[in-house]
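Notes to accompany the following structure.
The values are calculated or read from the model by the stated rules, or taken from the named source; none is laboratory data. Just so it is clear, the model here is predicted, and its values are computed rather than measured. Methodologically, a virtual Cβ is constructed for each residue, glycine included, from the backbone with ideal geometry; neighbour enumeration extends over all protein chains shown.
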Amino acid sequence: MQRSLNINPAKCTGCLQCELACSYENEALFNPAKSRIRVFTFHQEGRFVPYTCTQCAEAWCMRACPVDAITLNRLTGAKEILEARCVGCKVCTIACPFGTVNYNQTTGKVIKCDLCGGDPACASACPTGAITYVDADQTGYERMRAWAEKTSVGASATA
Amino acid sequence: MAWTGNILRVDLTNGRIGSEALNREWARDYLGQRGLATKYLVEEIDPKCDPLGLENKLIMATGPLTGTMASTGGRYSVITKSPLTGCVACSNSGGFLGAELKNAGWDMIIFEGRSPHPVYLLIQDDRAELLPADEIWGTSVWHTDEWLHKRHQDPLLRVAAVGRSAEAGCLYAAVINDLHRAAGRSGVGTVMASKHLKAVAVRGTRGVGNIKDPRRFMQAVNAGKKVLADNAVTGQGLPAYGTQVLMNVINEVGALPTRNVREVQFEGASKISGEAMHEPRPSDGKPNLTTNAGCFACTIACGRISTIDKGHFTVETKPEYWGNSGGLEYEAAWALGADTGVSDLDALTYANFVCNEDGFDPISFGSTVAAAMELYEMGVLTQELTGGVEFRFGSAEALARAAELVAKGEGFGRDLGLGSKRFCAKYGHPDLSMTVKGQEFPAYDPRGIQGMGLTYATSNRGACHLRSYTVASEILGIPVKTDPLSPLGKAGLVKAFQDATAAVDSSGLCLFTTFAWTLEDIAPQIDAACEGDWGAGRLAEVGERIWNLERDFNLRAGVSGAEDTLPKRLLTEAAKTGPATGKVSALQEMLPEYYQLRGWSSDGVPIRETRERLGLS
């Protein structure tokens, strides 16, 4: 069973634990500047929104890569960068509509979320449950449950 | 390790910038941040120097855990000699700037001298340069922040800046970072502005590493996070209500200083409480509080993000204040509200926004306004002096106007910017100033919480709750419950809290963790990250060393034990309502015992054995 990162911005406090965990997992340094997940602060609105790769089924980045350096991990569903093959041409960073593939000037390669091989560090580190790792077919489950809970007792639905 | 080992030294007079190695020996004795920067300050300036003169220095310092994943590990402090108190100043702030500075590769920045023209310091990893700030001099912190982001086309730049109040010489001006986090107390912003340094803008991409034992560090960090999450205060109370969880509690116990500390309970407390911030407003149906927010790496997230009702008189014609920004924390809500008798939550929020926008301390500001209101009601101040404003207790209009005047350093705002001590002296009533060593005391009345009287009287930066927060024990029962109305045992409690706090303030962590953590929770995190053996006992000893170093600086600056006292009102006018009815502060019963426990002489000077034991020269 594949799982997906499920992000609920309403629970995010902007603490960056996810960015710290991500950079530590991938770079062995606490360095938000190299995190594969980023938290955006919308100051005027008072909102914090974590954002990262959704692991598209038809992945633009993978299709655009001229050297086949982006591959599918069949177990996790993640699109992973093969560092040894990546030439740093950045075409994938242009192809991705969401901006979640980025160039790393330290290594000359690109970086993106790879779901940490199936145990994403960001989700483990998040103190509020804003980032969870759930059944890929059921990312709407909690939201459905919340709406279901609002249904008044005895009400019947007519389609 | 965990320290980067690099110090940035900026000579503003000559525009010279250099890097130097951190003194590792001092780091072993003073840890980082508050302790280590104070050691540098003590070694480098004459304690008698003019705080606003060329000789004073200003240090921005991180701790060894700043920038790491340790919960709340994003703190930095601003250390200098205070223009408000003449004592050592050390103001601690969260937000994201401290971690960014560490990420850029620096443990601290030491600013010296004074620039001939306004400048800001831009740090991009190991590159640092001073750039002209003429275009932003004379503008607010918020404008400066926006200008710098545009100027450098970098949304990820972190900014600390001073506002117009600091430029105008307000003696309690703050350094504001990330728009609404403040190194707030003792006028550290005033010193920064006196050096013609408008802002520090930082971008770090190097990462924080140098962890001695990474595996053990992550175990300790995760264990610490769990303790915070499972604790009722750090896991529930603070995220839900922020420090404002205290407003109703402290009012109930009869320790909420009200109307310039004439009373100890405020009839409007519930209207300005953390609970009230959740209530939908009648006007627009939205609550004051939009969400809570975390500083860097913080898993508590006590920060308040608030709005003001668009129809409120303070902002109805000013759309620039209609968005969200940093909302009321308890001390601010107390100073702007209970102490001035104002129970209009939106007016308090507006005054708080203005404090952040132009960088000044809401505690000192509110307390000074409260003193002005008392003087006004006594007939000492007239409308002619206040610029036509009726300065009565309870007047939201007067509060809002006062904030605007101090922000810009205009008219009566210049007087209010002097702080309560100089203000009350100027108008002939020094006893009405609610200060110790020139700094306004905060939101806990020592008549109802006796330990706080000793806390204020002996604090090394003038009256302050964040030097030994005995409220934790006396009201909340952390780590053990003590009787708030009794002075018994408080000398030992205050000393223990002072020492532990000095260590926490030197680590890069937030003091609020200590609602749940003891030094036993903190030591494993420091020990896994830093060279050397760091147990709880050693941290307490480091804390005691720091406390004595600060004391020594103050004594050499000419601030003697005679100033370890409280405003006359707290010592002679009994509480009139609540559980503390009939009580005054029993400071005299606690102070001699405190001196003795500290190993100080009867006039408050560390004796030779104490100095030798702590390795103070």
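Data table
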{"read-out": "Among residues of region B:281-314, those that are more than 14 Å from chain A (Cβ to nearest Cβ) and either touching a Lys or Arg at 6+ places or on another chain (Cβ under 8 Å) or in contact (Cβ under 8 Å) with a residue 12 or more places away in the chain (or both), counted", "value": "8"}
{"read-out": "Residue in region A:96-106 that is in contact with a Lys or Arg (Cβ under 9 Å, 6 or more places away or on another chain), within 11 Å of another protein chain (Cβ to nearest Cβ) and touching a residue at least 12 places away in the same chain (Cβ under 8 Å) present", "value": "yes"}
{"read-out": "Residue selected from region A:57-66 under the condition assigned to a loop (DSSP other than H, G, I, E, B) and surrounded by 16 or more Cβ atoms within 10 Å (Cβ to Cβ), by the criterion farthest from the chain's Cα centre (by Cα)", "value": "A:CYS65"}
{"read-out": "Scope region B:379-408; condition closer than 21 Å to B:ASP361 by Cβ and among the basic types (Lys, Arg); matching residues", "value": "B:ARG401, B:LYS408"}
{"read-out": "Any hit, region B:469-481, residues being out of contact with any Asp or Glu (no Cβ under 6 Å at 6 or more places or on another chain), crowded, with 24+ Cβ neighbours inside 10 Å, in a loop (DSSP other than H, G, I, E, B) and without any contact (Cβ under 8 Å) to a residue 40 or more places away in the chain", "value": "yes"}
{"read-out": "Odd one out for B:LEU509 among (1) surrounded by fewer than 19 Cβ atoms within 10 Å (Cβ to Cβ); (2) under 17 Å from the mean Cα position of the chain (by Cα)", "value": "(1)"}
{"read-out": "Selection within region A:4-30 - surrounded by fewer than 24 Cβ atoms within 10 Å (Cβ to Cβ), facing chain B (nearest Cβ under 9 Å) and part of a loop (DSSP other than H, G, I, E, B)", "value": "A:ALA28, A:LEU29"}
{"read-out": "Cβ-Cβ under 6 Å pairs, at least 6 apart or on other chains, region A:117-139 side more than 14 Å from chain B (Cβ to nearest Cβ) and closer than 12 Å to A:ASN6 by Cβ, far side assigned to a loop (DSSP other than H, G, I, E, B) and not charged (D, E, K, R)", "value": "A:TYR133/A:PRO120; A:ALA136/A:GLN2"}
{"read-out": "Failed item in (1) out of contact with any strand residue (DSSP E or B) (no Cβ under 9 Å at 6 or more places or on another chain); (2) touching a residue at least 24 places away in the same chain (Cβ under 8 Å), with B:VAL10 passing the rest", "value": "(1)"}
{"read-out": "So B:ILE522, is it within 27 Å of B:THR243 (Cβ to Cβ) and touching a Phe, Trp or Tyr at 6+ places or on another chain (Cβ under 7 Å)", "value": "no"}
{"read-out": "3 or more residues away from every other protein chain (no Cβ under 14 Å) and either closer than 25 Å to B:THR513 by Cα or touching a helix residue (DSSP H, G or I) at 6+ places or on another chain (Cβ under 7 Å) (or both): qualifying helices (runs of 4 or more DSSP H) within region B:177-272", "value": "B:188-194, B:246-252"}
{"read-out": "So B:ALA174, is it under 16 Å from B:LEU52 (Cα atoms), more than 14 Å from chain A (Cβ to nearest Cβ) and modelled with pLDDT of 95 or more", "value": "yes"}
{"read-out": "Selection from region B:294-316 of residues that are within 18 Å of the chain's Cα centre (by Cα) and outside any loop (DSSP other than H, G, I, E, B)", "value": "B:GLY303, B:ARG304"}
{"read-out": "Considering residues of region B:377-436 that are more than 23 Å from B:ASP358 (Cβ to Cβ) and of a type in the set (Val, Ile, Thr) only, the residue nearest to the chain's Cα centre (by Cα)", "value": "B:VAL436"}
{"read-out": "Residue in region A:52-65 that is touching a residue at least 60 places away in the same chain (Cβ under 8 Å) and either within 14 Å of another protein chain (Cβ to nearest Cβ) or of a type in the set (A, V, I, L, M, F, W, C) (or both) present", "value": "yes"}
{"read-out": "Single condition B:THR205 does not satisfy, out of (1) closer than 18 Å to A:CYS22 by Cα; (2) surrounded by 21 or more Cβ atoms within 10 Å (Cβ to Cβ); (3) β-branched (Val, Ile, Thr)", "value": "(2)"}
{"read-out": "Residue list for region B:367-394, filter: part of a helix (DSSP H, G or I) and of a type outside the set (Val, Ile, Thr)", "value": "B:SER367, B:ALA370, B:ALA371, B:ALA372, B:MET373, B:GLU374, B:LEU375, B:TYR376, B:GLU377, B:GLN383, B:GLU384, B:LEU385"}
{"read-out": "Residue list for region B:40-56, filter: of a type in the set (D, E, K, R) and either more than 16 Å from B:LEU8 (Cα to Cα) or part of a loop (DSSP other than H, G, I, E, B) (or both)", "value": "B:GLU43, B:ASP46, B:LYS48, B:ASP50, B:GLU55"}
